[in-house]
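The values are calculated or read from the model by the stated rules, or taken from the named source; none is laboratory data. Treat the numbers as computed from the prediction; the structure is a model and nothing was measured. In this analysis, Cβ positions are derived from the backbone assuming ideal geometry, glycine residues included, and neighbour counts consider all displayed protein chains. Accessible surface areas use protein heavy atoms only, side chains included; no ligands, DNA or RNA. Shrake-Rupley method; radii C 1.70, N 1.55, O 1.52, S 1.80 Å.
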Amino acid sequence: MASAVKGAILAIDNEASFQDQAEIWKYMLNFGDSMALKCAVELRLPDILHSADGPMTLSEIAAAIPNAPSPQASHLFRVLRLLVRRKIFTSEEDKVSGETLYGPTKLSSWLLHEPAPTSDSDASIMTLAPMLIMENHPWHVDPWHKLSEFIREGGLAPFEKEHGYMFDFAAKNPLYNKLLNNAMACTARITIRTLLSHCGDDLFNGVGSVVDVGGGTGRFISEIVKSYPHIKGINFDRSHVISTAPAYPGVTHVGGDMFQEVPSADAVVTKWVLHDWGDELCVKLLKNCRKAIPEKGGKVIIVDIVVEADGEGVFDDTGVVFDVLMLAHNTGGKERTEKEWKSLLDQSGFPRYKITKIPALQSVIEAYPN
């Protein structure tokens with residue numbers, strides 16, 4: 001035992017081991033970055049700084065925080081200091097007053113609050129703030145603490161063990177339903193605009209109708225119809241989701257159960273839906289999608305993560321983290337490699353597929369019935 005202790009002491013007494021220790025501290029406290037970002041969004045710091053005429057002092061920012069009867073500037077300073085270090089905001093010293101001045105960055109523009117949803121999606125900004133708020137809400141964070149228990153014992157995913165399946169929970173809990181729908185809508189807008197600009201013509205030229213399966217409140221399909229007005233758009237989701245969906249020109253909202261039947265169309269789109277389910281249910285859904293499209297000329301467009309665990313792309317690490325997130329939240333849910341996607345498509349009657357990478361977290365998988 002003594003020799004083992006001595007070896008450990010010697011091991012930490014060198015530069016390489018010091019760096020290793022620093023890495024562990026960094027990973028240990030990474031949640032602090034998430035919580036500081038959540039704090040900034042809740043205080044509307046990005047909105048305050050982006051709407052200002054120029055850099056702002058700490059006291060000016062504190063005074064601009066909405067619904068803050070007694071803003072604590074000294075507390076705010078410590079959060080801002082961390083987010084400046086993370087390059088979310090900028091800071092510089094005023095040469096006259098000596099005070100620190102804070103400003104926005106391109107990163108902070110992704111944390112702005114968006115306007116209330118309207119049928120005019122061009123009026124809405126591109127933001128990840130709703131997704132950040134959802135993923136850092138206690139409903140979503142608490143299940144991470146149960147991962148080791150889940151690995152030891154199996155059963156339901158930690159989120160489902162506590163609340164039930166998330167979409168059933170949303171049907172019973174209006175606050176969570178709003179949280180979930182807002183998060184899905186913001187990511188849908190980002191993904192669809194990237195998709196349309198990079199491969200929209202290849203996907204939708206000549207397609208007369210498209211049904212978005214699990215389309216939420218309809219933002220995704222509305223952008224498709226706006227870019228291709230000849231397309232008849234159908235937004236298909238559970239009835240409680242459809243009940244809160246705004247009207248969009250050229251889009252019909254349809255409520256139903258995708259595991260029972262999918263509305264017919266020339267093409268089916270499904271964005272970030274299949275990752276919620278295990279293989280058996282994915283095959284069932286994909287078979288329903290196959291029945292909904294014509295044998296000749298029909299296709300299913302899957303917008304989802306394709307995991308490359310050893311990849312060096314911008315989003316490859318994020319895909320692997322998302323896979324563990326699915327482990328915490330959805331029983332059977334997971335992010336899949338190309339090999340796993342091919343297996344699902346083979347079992348579902350899609351012998352041919354094509355994967356297109358776009359500058360987004362997800363890729364585009366086109367699956368053909370022949």
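Among the residues of region 259-279, those identified as more than 19 Å from MET184 (Cβ to Cβ) and either open to solvent by less than 20 Å² (accessible area, probe 1.4 Å) or touching a residue at least 40 places away in the same chain (Cβ under 8 Å) (or both) are PRO263, SER264, ALA265, ASP266, ALA267, GLY278, ASP279. Each residue in region 155-167 was checked for being assigned to a loop (DSSP other than H, G, I, E, B) and either open to solvent by less than 20 Å² (accessible area, probe 1.4 Å) or hydrophobic (A, V, I, L, M, F, W, C) (or both), and 2 pass. Among the conditions (1) on the phi < 0 side of the Ramachandran plot; (2) of a type outside the set (S, T, N, Q); (3) modelled with pLDDT under 95, GLY216 misses just one, which is (1).
Listed by position, the helices (runs of 4 or more DSSP H) inside region 28-137 whose residues that are within 19 Å of the chain's Cα centre (by Cα) and either of a type in the set (Val, Ile, Thr) or loosely packed, with under 14 Cβ neighbours inside 10 Å (or both) number at least 1 are 30-42, 129-135.
Every test in (1) in a helix (DSSP H, G or I); (2) touching a Ser or Thr at 6+ places or on another chain (Cβ under 9 Å); (3) surrounded by fewer than 19 Cβ atoms within 10 Å (Cβ to Cβ); (4) modelled with pLDDT under 95 is passed by VAL141 save one, and that test is (4). A Cβ distance below 6 Å, combined with a sequence gap of six or more or placement on separate chains, defines the contacts here; from region 337-352, residues that are in contact (Cβ under 8 Å) with a residue 40 or more places away in the chain reach residues that are open to solvent by 50 Å² or more (accessible area, probe 1.4 Å) and of a type outside the set (Asp, Glu) in the pairs LEU345/TYR353; SER348/LYS287; GLY349/ARG290. Apart from one condition, ALA170 fits all of (1) open to solvent by 60 Å² or more (accessible area, probe 1.4 Å); (2) in a helix (DSSP H, G or I); (3) more than 24 Å from ASP47 (Cβ to Cβ); (4) in contact (Cβ under 8 Å) with a residue 12 or more places away in the chain; the exception is (1). For region 255-282, taking the residues that are of a type in the set (S, T, N, Q) and in a loop (DSSP other than H, G, I, E, B), the one that is nearest to ARG219 (Cα to Cα) is identified as SER264. Within region 225-254, the set of residues being part of a helix (DSSP H, G or I) and closer than 24 Å to ASN177 by Cα comprises SER239, HIS240, VAL241, ILE242.
Looking at ARG189, ARG152, can you tell me which residue is crowded, with 18+ Cβ neighbours inside 10 Å and either out of contact with any Leu (no Cβ under 8 Å at 6 or more places or on another chain) or closer than 21 Å to GLU223 by Cα (or both)? Full working, then the answer.
Numbers: ARG152 fails: crowded, with 18+ Cβ neighbours inside 10 Å.
Being crowded, with 18+ Cβ neighbours inside 10 Å and either out of contact with any Leu (no Cβ under 8 Å at 6 or more places or on another chain) or closer than 21 Å to GLU223 by Cα (or both) holds for just one of ARG189, ARG152, which is ARG189.
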